[in-house]
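Trainee: Sharing a structure below in structure tokens format, with a few things to ask.
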Amino acid sequence: MKLHKLKIKKRWIVFIAIVVALFTEMFYFSLRRFDVHIEEVTWLKVHDDLKDLRIVFISDLHYGFAMNEAMLDDIVSWVNQLDADIILFGGDLFDHPATLLPTQTMQSTLSSKLGEMQANITKIAVLGNHDHESALTSAMTIQVLQNGGFDVLMNQMQRIEMGQSAIQIVGIDSSILGSPNIERSLALVNVDELVLVLTHTPDLITRLPSFKVDWQLSGHSHGGQIALPWLGPIITPPDARLYTHGTYEVNGIRLDVTNGLGTTGVKARLFANPSIHLFILK
């Protein structure tokens with residue numbers, strides 16, 4: 001009888017240890033374990049002047065929820081170690097800013113930290129659905145980004161010349177709460193040069209004309225935040241249900257979807273670590 005009770009006790013101890021380890025992973029370690037993905041990307045349109053161009057892509061800070069200043073310092077440090085020529089931000093700067101408007105101190109702190117991110121050529125951003133929760137939050141987010149040295153593209157294209165070559169970065173507004181205008185955004189692109197679309201929501205790619213776009217970078221999904229091995233994300237948000245994380249080819253367009261950096265809804269991640277991406281053009 002005593003041996004039986006001892007076995008039951010041991011099983012309970014093991015069960016409790018597993019639960020504690022799982023919760024510690026979800027609510028602490030996974031929020032701080034940044035994956036840095038470095039990949040060389042080959043394009044026929046990349047000529048000698050564009051080769052070795054370094055593009056760092058980040059998204060979904062959701063500053064003020066689980067994301068705090070100390071974690072942001074780590075992100076800035078990682079970004080700066082990657083020696084970016086171009087830094088791209090895919091939207092959702094604050095978390096539900098319309099519910100609780102970030103203080104002036106929070107805004108100033110974030111602008112300062114964004115300003116510490118170093119790019120040799122330029123820094124470009126688009127807005128996400130959280131940024132668009134109200135006219136006030138949209139204006140505030142744009143100001144914070146601009147104060148941090150980012151150009152904010154709202155259905156616009158920025159052409160970056162490198163010698164005899166160029167890359168065209170097209171910022172299309174979020175398909176959730178924003179006002180995406182694909183036709184206007186792509187009106188001036190030169191299809192003989194590399195065309196990169198930066199937009200918050202990945203599923204927008206199904207609406208893009210493949211003859212005008214080579215590459216899309218998006219966030220929004222957080223990789224599901226909570227995912228399971230082999231099964232993937234448990235829940236994904238609207239406009240990130242077709243393409244949740246990783247690299248895809250959609251109608252001849254390359255799509256890269258990042259897990260982002262922050263969280264929303266619940267301060268937890270599992271098998272969907274925060275991600276920073278470095279793409280090196282070849």
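Residue-by-condition table, conditions (1) within 25 Å of Val213 (Cα to Cα); (2) at pLDDT 95 or above:
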residue: His47; (1), (2): yes, no
residue: Asn68; (1), (2): no, no
residue: Ser77; (1), (2): no, yes
residue: Pro102; (1), (2): no, yes
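Trainee: Do you know which residues across the stretch 173-205 are among the β-branched types (Val, Ile, Thr), assigned to a strand (DSSP E or B) and either over 15 Å from the mean Cα position of the chain (by Cα) or farther than 20 Å from Phe279 by Cα (or both)?
Mentor: Selection gives Val195 alone.
Trainee: Give the stretch 137-165 a look and list any residue that's part of a helix (DSSP H, G or I), in contact with a helix residue (DSSP H, G or I) (Cβ under 7 Å, 6 or more places away or on another chain) and surrounded by fewer than 18 Cβ atoms within 10 Å (Cβ to Cβ), or say none.
Mentor: Listed by number, the list holds a single entry, Asn147.
Trainee: Right, another one. Quick one: how many residues across the stretch 37-53 are in a strand (DSSP E or B) and surrounded by 15 or more Cβ atoms within 10 Å (Cβ to Cβ)?
Mentor: Selection size over the stretch 37-53: 2.
Trainee: Among the numbered criteria (1) surrounded by fewer than 18 Cβ atoms within 10 Å (Cβ to Cβ); (2) of a type in the set (Val, Ile, Thr); (3) assigned to a loop (DSSP other than H, G, I, E, B), which one does Thr122 miss?
Mentor: The failed condition is (3).
Trainee: Just one of the numbered conditions (1) closer than 30 Å to Leu228 by Cβ; (2) part of a helix (DSSP H, G or I) is not true of Asn80; which one?
Mentor: Status for Asn80: all satisfied but (1).
Trainee: Has the stretch 233-249 got any residue that is touching a residue at least 24 places away in the same chain (Cβ under 8 Å), out of contact with any helix residue (DSSP H, G or I) (no Cβ under 6 Å at 6 or more places or on another chain), in a loop (DSSP other than H, G, I, E, B) and aliphatic (A, V, I, L, M)?
Mentor: Scanning the stretch 233-249 turns up no residue that is touching a residue at least 24 places away in the same chain (Cβ under 8 Å), out of contact with any helix residue (DSSP H, G or I) (no Cβ under 6 Å at 6 or more places or on another chain), in a loop (DSSP other than H, G, I, E, B) and aliphatic (A, V, I, L, M).
Trainee: Sticking with this one: Look through the stretch 175-195, keep the residues that are in contact (Cβ under 8 Å) with a residue 40 or more places away in the chain and farther than 24 Å from Ala139 by Cα, and return whichever of them is surrounded by the fewest Cβ atoms within 10 Å (Cβ to Cβ).
Mentor: Asp192
Trainee: Quick check on Ser112: is it farther than 21 Å from Gly219 by Cβ and assigned to a helix (DSSP H, G or I)?
Mentor: For Ser112, the condition - farther than 21 Å from Gly219 by Cβ and assigned to a helix (DSSP H, G or I) - is met.
Trainee: Under the condition of being of a type in the set (S, T, N, Q) and surrounded by fewer than 20 Cβ atoms within 10 Å (Cβ to Cβ), which residue from the stretch 204-220 is farthest from Leu93 (Cα to Cα)?
Mentor: Residue satisfying both the conditions and the ranking: Ser210.
The values are calculated or read from the model by the stated rules, or taken from the named source; none is laboratory data. Remember, predicted model here, so these are calculated numbers, not experimental data. All Cβ positions, glycine included, derive from the backbone under ideal geometry; neighbour counts span all protein chains shown.
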